[in-house]
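Quick notes on the structure that follows.
All of the numbers you see were taken from the coordinates with simple rules; none came from a lab. Only a predicted model underlies this, so the values are computations on that prediction, with no experimental measurement involved. Here the Cβ positions follow ideal geometry from the backbone for every residue, glycine too, while neighbour counts run over all protein chains shown.
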Amino acid sequence: MRLVILGGPGAGKGTQTRQLCRTLSLSEVSTSDMLREAIASQTDLGRQAQPYVEKGELVPDPILIQFIRQRLSQPDIARCWLLEGYPRTAFQAEELDFLLEELGQHLNWAIYLQVSESVMMNRSLERSRTLQDNAINSRLDDQPEIIQRRIDLFHERLPLLLEYYGYHKRLLTINSEQPPEQVQQDILQKLTV
């Protein structure tokens with residue numbers, strides 16, 4: 001099974017991704033983790049992505065598509081994976097389909113974790129406070145202004161992204177304002193229908 005998980009900042013993508021990967025034996029492909037590792041290691045792609053990540057902007061498509069191509073081409077994940085944090089635009093969704101076709105793969109479902117803007121902001125700020133309280137270095141992308149910018153960008157691009165997957169009949173919409181266990185149960189129920 002090959003899945004993508006969609007949602008704004010604080011929608012629960014990371015939590016649901018980890019649980020789904022464990023439950024369904026999927027490989028986790030997190031674009032934010034890939035970006036952070038590449039920036040920390042100062043790879044060519046990491047250096048290209050860094051200025052955008054620091055400003056809370058979306059990394060340009062050509063750079064992000066290279067990240068995804070590299071990871072999805074690796075043999076350890078060719079059969080079953082869950083992609084978190086990509087695609088974020090309808091163009092990226094279409095590019096992902098082209099890439100998968102080239103790799104002899106196909107996407108089963110796009111899971112959209114639907115939450116209100118206030119929940120996104122509150123959860124993101126809470127995560128940032130927790131990181132600070134635990135003496136973990138605060139990430140640049142967890143500052144309130146950056147979080148708001150990421151939410152705004154998400155809302156700008158969401159309608160066309162949902163329309164793309166809806167048109168291709170691969171969209172599952174889940175109420176992610178429920179407790180994580182209920183969200184997980186709803187996802188698994190829709191995946192098996």
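If you add up the charges near E28, with Lys and Arg at +1 and Asp and Glu at -1, over every other residue whose beta carbon is less than 12 angstrom from its beta carbon, what do you get?
Residues near E28 contribute +1 overall.
Could you please report the charge total around G46, scoring K, R as +1 and D, E as -1 over all other residues with beta-carbon less than 10 angstrom from its beta-carbon?
0
Under the rule a/c < 1.5 gives rounded, and otherwise a/b versus b/c splits prolate from oblate, where does segment 2-187 land using the Cα gyration tensor?
rounded
In terms of modelled amide H atoms, which long-range or inter-chain residues lie less than 5 Å from the amide H of S27?
C80, W81, L82
Could you check the spin-label model distance between R36 and V119? Points 7 Å from the Cα along Cα→Cβ, value in nm.
If labels sit at R36 and V119, their model points lie 2.3 nm apart.
Just name one of V115, A49, L153: the one whose Cα is farthest towards the positive end of the charge dipole of the chain (beta-carbon charges, Lys/Arg +1, Asp/Glu -1).
Final value for the positive-end residue is V115.
With θ set to phi - 60° and the Karplus curve 6.51 cos²θ - 1.76 cosθ + 1.60, what are the ³J(HN,Hα) couplings of segment 88-96 in order, to the nearest whole Hz, using x for Gly and Pro?
3J(HN,Hα) across segment 88-96, in whole Hz: 10, 9, 4, 4, 5, 4, 5, 4, 5.
Between Q74 and L160, take the C-beta separation as r, use R0 = 25 Å, and let me know the FRET efficiency to the nearest 0.05.
0.25
So, counting K/R as plus one and D/E as minus one, what does the shell of residues with Cβ under 13 Å around R170 add up to?
Taking every other residue near R170 into account, the sum is 0.
Quick one: 3J(HN,Hα) in Hz for segment 43-49, Karplus 6.51/-1.76/1.60 with θ = phi - 60°, rounded, Gly and Pro as x.
For segment 43-49, the Karplus-derived couplings read 5, 4, 5, x, 5, 5, 7 Hz, x marking Gly and Pro.
Once you have the Cα-Cα distance between Q148 and T192, take 0.36 nm times their residue separation minus that, and quote the gain in nm to one decimal.
12.3 nm
Rounded, prolate or oblate: which fits segment 6-87, taking a ≥ b ≥ c as square roots of the Cα gyration tensor eigenvalues, rounded meaning a/c under 1.5, else prolate when a/b beats b/c?
oblate
What is the chain's relative contact order, in percent, from Cα pairs under 8 angstrom and six or more apart in sequence?
Taking the mean separation of contacting Cα pairs over the length of the chain, I get 34 percent.
Residue separation times 0.36 nm, minus the C-alpha to C-alpha distance between E102 and K169: what's the value?
So the extension gain works out to 22.0 nm.
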